[in-house]
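**Student:** Could you have a look at this structure, given as structure tokens, before my questions?
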Amino acid sequence: MAALRLEQRGGSPVEMVHTQTSYLLQIYAGYFLMLALLGLFVVDAAIFSAFKVNYVFIFEFDTRHVLDWKQLAEMPSYFWFLLGFTMWCNFGSFGTASGMYIYWPVILVGVSLLLLCCPPPLFYPRSRGWFLFSNWRLLLAGVFPVEFRDFFLGDMYCSQTYALGNVELFFCLYAKHWNNAPQCNSSHSHLLGFMQTLPGIVRLLQCVRRYYDTRLWTHGVNGGKYTCTIMQYVALSVWRIYGGDHLMAFFIAAASVNSIYCIFWDLEYDWSMPLNPRAKPYPLLRSTLAYRKRIWWYYAAIIIDPILRCNWIFYIIFRGDIQHSSIVSFLIAFSEVIRRGVWVLFRVENEHCANVGRSRAMRDPELPYELDNQPTVPSVANYAAGIAQQSDGTMEDPLVLSAQHSRASGRDVEQGTPATASLRRRQGGVAEPEGAQDSPVYRALQRVGTTFLTAHAQDYERKRKGSDGGSKKDAEGDEDGEDEDSDSDS
């Protein structure tokens, strides 16, 4: 109807308006996906609060100014309203009757940047400052020491390749004054393909910096994962531009390797799932879990993550359109946003469980004076041993192992009860079949799970100045980060 009205008023032909509308919707779709991911993070934050997952400690938010999930939900709400109002103006009678039809996205982006960057103390300025500074650290990946928030934000952008591609589309369309708009799409633009590889490049640089600072082998392996991610988007861009079965085969090979790599890393490292069917008390899961009242969440995530990691298959199914249908590309990008929302839920939970296992979040603090029998602090090895079984077929939580040997505190500080009263020994249930622990498959699964769990427990570990194994650069980086956090919030 909008196109017909413009044609009756002597405006652009119906075909031109149809093309313009298609690209306008793509720009709005990229904006929508960013808000969808932010909304999912708000939902995750609400779940963290409900299950006492200390995400404030993990992200090192300033506790004096941190926002709870309800306050955090205000930010996407404002932008949701702005998006809806702009689209209503753009495609309503007012927008189609004026010469502003193709310029409403400029207003949307301009107002959004103004709200995000405005210096007046309105609209949670400390939170906006924290977010902008985090993006600045991300832009200079490899220069700053990598903190949890840096890699986390980088992974968020890895799920926003559709929106980042729209950045090139946005500037290309307006630079060409919307003349010959198809020249700006994915079947002609090399820059669009580069923008989609940019998050992977940033994460690769972060992995290199992390390996330089810590010398942990896991960062080298993680860098290989992002190299595969870069190759997948390079192959997709080249196939879209030049076509050909040989380039399609190259894309299938690159995407397959990347999917297998990422699925393994998500489950074994980011979530620390041993995937051992003989694990106790829950098969395939680690022993320390934060969502114990929702065990089925873990099994659902183990199924959903690999499926959504293979969403690129739809590019092959709909290969008849080498540019790929805008709807198909949007749905693939939307499924990746959903997968990332699920990933966040268990990635932060896993970090919380690692903190608990290393006594970074315990009810019983260490006493300020020495006793004859020093308390045994759970080490990284003890935490990793949480996935191992004892000879009698039972499981011991790492906190239980430390509490049984500790005499530093005789009571629970919060409840006023003995410390061991709040620490329960988890029974493994049915005993292992005789000889099961001697199985090569069982030993291999146990060894892989222990290796990755130990490596994860060592990751992002704060080291004090002058401590053994802590580099001077790490200490300086931590001091700088703390100074920045003191002036910001979540």
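Here's the yes/no breakdown for (1) part of a helix (DSSP H, G or I); (2) touching a helix residue (DSSP H, G or I) at 6+ places or on another chain (Cβ under 6 Å); (3) over 24 Å from residue 159 (Cα atoms):
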| residue | (1), (2), (3) |
| --- | --- |
| 224 | yes, no, no |
| 230 | yes, yes, no |
| 258 | yes, yes, no |
| 267 | yes, no, no |
| 276 | no, yes, yes |
| 281 | no, no, yes |
| 296 | yes, no, yes |
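**Student:** Could you list, in sequence order, all residues of segment 286-321 that are charged (D, E, K, R) and open to solvent by less than 80 Å² (accessible area, probe 1.4 Å)?
**Tutor:** The answer is 286, 292, 305, 309, 321.
**Student:** Suppose the filter is in contact with a helix residue (DSSP H, G or I) (Cβ under 7 Å, 6 or more places away or on another chain) and within 30 Å of residue 319 (Cα to Cα); does residue 272 pass it?
**Tutor:** So residue 272 does not fit the description; no.
**Student:** What about residue 249, is it open to solvent by 10 Å² or more (accessible area, probe 1.4 Å) and either in contact with a Phe, Trp or Tyr (Cβ under 6 Å, 6 or more places away or on another chain) or within 25 Å of residue 195 (Cβ to Cβ) (or both)?
**Tutor:** Spelling it out, residue 249 is indeed open to solvent by 10 Å² or more (accessible area, probe 1.4 Å) and either in contact with a Phe, Trp or Tyr (Cβ under 6 Å, 6 or more places away or on another chain) or within 25 Å of residue 195 (Cβ to Cβ) (or both).
**Student:** Could you list, in sequence order, all residues of segment 298-314 that are under 21 Å from the mean Cα position of the chain (by Cα), in a helix (DSSP H, G or I) and not aromatic (Phe, Trp, Tyr)?
**Tutor:** Selection gives 300, 301, 302, 303, 304, 305, 306, 307, 308, 309.
**Student:** Right, next: When both residues are 6+ apart or on different chains and their Cβ atoms are under 8 Å apart, which pairs have a first residue that lies in segment 292-318 and is over 17 Å from residue 272 (Cβ atoms), and a second that is hydroxyl-bearing (Ser, Thr, Tyr)?
**Tutor:** 308/335; 309/259; 310/259; 311/335; 312/259; 318/325
**Student:** Just for segment 204-218: of the residues that are touching a residue at least 60 places away in the same chain (Cβ under 8 Å) and open to solvent by less than 30 Å² (accessible area, probe 1.4 Å), which one is farthest from residue 150 (Cα to Cα)?
**Tutor:** 218
**Student:** For the subset of segment 165-219 comprising residues that are in a loop (DSSP other than H, G, I, E, B) and charged (D, E, K, R), which member is nearest to residue 270 (Cα to Cα)?
**Tutor:** By that ranking, first place goes to 215.
The values are calculated or read from the model by the stated rules, or taken from the named source; none is laboratory data. Given the structure is predicted, the values throughout are model-derived calculations rather than measurements. Backbone-built Cβ (ideal geometry, glycine too); neighbour counts: all protein chains shown. Ligands, DNA and RNA are excluded from the accessible area calculation, which covers all protein heavy atoms including side chains. Shrake-Rupley method; radii C 1.70, N 1.55, O 1.52, S 1.80 Å.
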